[in-house]
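The next block holds one structure in the form of structure tokens; read it before the comments.
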Amino acid sequence: MDAFTLRTLTDDDMPGLRWLDDVAFGGTVADARWAVTSARLERDRQLGAFEGGRLVGHAGVFTQQVTLPGGAAVPAAGVTWVQVLPDRRRRGVLTLLMDHQLRQLRDEAEPLGLLWASEPGIYGRFGYGRASRHLLATVPRDTAWRLPKRVHEAVGSVHVELRPMDEATLALVTACYERARPTRPGMLSRSPANRAEAFDDPPDARGGASALRVMLGWRDATGSAGAPPDAYAVFRTNARWDRWVPQGEATVLEAIGTDAVAEAAVLRATLEVDLMASVGFRSLPVDSPLLSWLPDTRRSRPLLLDQLWARLVRVDDALRARRLSQEIDLVLDVRDERCPWNAGRWRVAGGPTAVEVTRTHEAADLTLDVATLAAAHLGDPVLAPAHRAGLVEEHWVGAVAQAHAAWTSPIAPWCPYTF
């Protein structure tokens with residue numbers, strides 16, 4: 001390994017980080033966007049790899065909380081901007097950064113790391129497992145709806161309102177988001193800086209599309225004056241014409257509802273924007289009710305993609321923090337080469353109300369690596385498929401079925417935004 005040193009970045013390192021980011025991610029960040037993004041960076045959580053005085057690699061962390069199955073919100077390091085200069089790859093820089101970061105997270109008592117993977121093939125070797133998925137879909141405007149009778153009858157009473165994205169509207173969006181956050185595994189706390197970056201909308205970054213707009217919905221129309229909405233969709237439109245026939249597309253950046261009727265009303269209103277031939281959804285949960293309301297989902301061309309990747313930094317603390325869907329008492333033999341403090345046998349006993357995790361010398365019921373266990377941590381149904389793939393070793397018939405049922409959440413994990 002070449003001689004690289006690690007240290008926390010300072011304000012003086014920001015020009016070097018900007019250049020590194022441009023090179024590593026293949027683009028150029030505009031000045032206005034960089035100002036918003038760099039202001040969000042927590043300086044004391046930005047780890048740089050240096051060769052001499054040159055910044056050649058970087059791995060950052062955002063401080064946040066994630067909702068786990070059972071509703072608890074626990075600390076989860078938002079690992080981000082992992083990057084190495086092209087001329088210093090394959091020299092151990094990434095390994096140096098990731099291993100050091102894992103030790104830091106352990107010492108800072110953050111039991112869980114989360115990231116979005118620009119290249120998913122990289123992170124498995126550092127113990128990350130794909131813990132949630134999302135759908136991309138493009139719904140033609142003329143698609144019929146198949147709402148249940150009670151939902152169809154109630155949709156007409158929802159107060160739906162279209163507003164520009166301004167400070168007052170953002171406050172309403174935030175209030176709805178915070179109401180929804182405890183109800184779905186994978187949803188993250190959102191700082192004011194994150195909201196500013198997520199909905200930053202400079203005209204030169206719109207690609208010819210409109211400014212952001214928001215469709216809000218209140219189930220009780222009398223509560224719309226200042227009350228948090230029950231659903232919202234943040235979107236923009238892009239007008240296109242083909243021989244005088246409108247072929248525009250609306251793009252929904254984020255759609256969340258705490259009430260199915262209000263969500264149906266908001267989504268239907270978004271799909272009925274004039275002159276739009278289709279509405280593209282950038283991210284939907286795999287159990288989104290929209291998929292059940294469309295009788296022909298094939299026409300929406302859904303695409304299933306990986307989303308959050310999770311890393312159990314402290315296996316015992318991470319497992320204690322979540323709830324299981326049914327009572328179990330199993331011994332897991334966890335393999336973890338990068339974090340040896342996690343390796344070994346853990347007895348996991350508990351269910352929907354509490355989970356106890358203790359070291360044990362008892363015989364293992366299941367043997368699996370930490371990445372596979374992390375993939376199940378937010379509730380995605382992965383343990384049984386992982387067993388069929390040879391990633392989980394079952395020591396008595398039925399142990400995998402028990403674990404799969406206990407770890408799977410009835411609500412699919414999903415994160416509505418990248419970080």
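Read the figures in this text as sums done on the coordinates, not as results from a lab. The structure presented is a predicted model; accordingly, all values stated were derived computationally and were not measured. Every residue, glycine among them, receives a Cβ derived from its backbone with ideal geometry; neighbour counts consider all protein chains shown.
Between the C-alpha center of region 209-267 and that of region 56-121 there is a gap of 34 Å. For the chain, the relative contact order works out to 19 percent when only alpha carbon pairs closer than 8 Å and six or more residues apart are counted.
Sparse packing (at most 16 other Cβ atoms within 10 Å of the Cβ) combined with a DSSP loop state is found for the following GluC sites (Glu not before Pro) in region 239-291: Glu272.
Between Val286 and Asp274, the simple spin-label model (points 7 angstrom out along Cα→Cβ) gives 4.1 nm.
In this rough spin-label picture, where each label sits 7 Å from Cα along the Cβ direction, the Leu162-Asp12 distance is 5.3 nm. Close amide-amide hydrogen proximity is noted between Phe281 and Ala137, Thr138, Val139, Val252, each under 5 Å apart and 5 or more residues distant or on a separate chain (H modeled in the peptide plane; Pro and chain starts excluded).
Counting each DSSP H run of 4 or more residues in the chain as -39500 (n - 2.57), what helix-only mean residue ellipticity at 222 nm follows after dividing by all residues, to the nearest 500 deg cm²/dmol?
The helix contribution divided over the chain gives -7500 deg cm²/dmol.
Using the Cβ-Cβ distance between Glu119 and Lys149 with R0 set to 35 Å, the FRET efficiency from 1/(1 + (r/R0)^6) comes to roughly 0.15. In this label model, Asp220 and Arg301 are separated by 4.3 nm, measuring between points 7 Å along each Cα→Cβ vector. 3J(HN,Hα) along region 251-258: 10, 8, 7, 7, 9, 9, x, 9 Hz, from the Karplus curve 6.51 cos²θ - 1.76 cosθ + 1.60 with θ = phi - 60°, whole Hz, x for Gly and Pro. Once C-alpha pairs closer than 8 Å and six or more residues apart are averaged by separation and normalised to the residue number of region 310-407, the relative contact order reads 29 percent. The gain in end-to-end length when the Arg43 to Arg243 segment is fully stretched comes to 66.7 nm, 0.36 nm per residue minus the alpha carbon separation. Listed by number, the DSSP H helices of the chain that run 15 Å or longer by alpha-carbon position along their axis and have mean Kyte hydropathy of at least 0.0 are 14-25, 167-180, 260-271.
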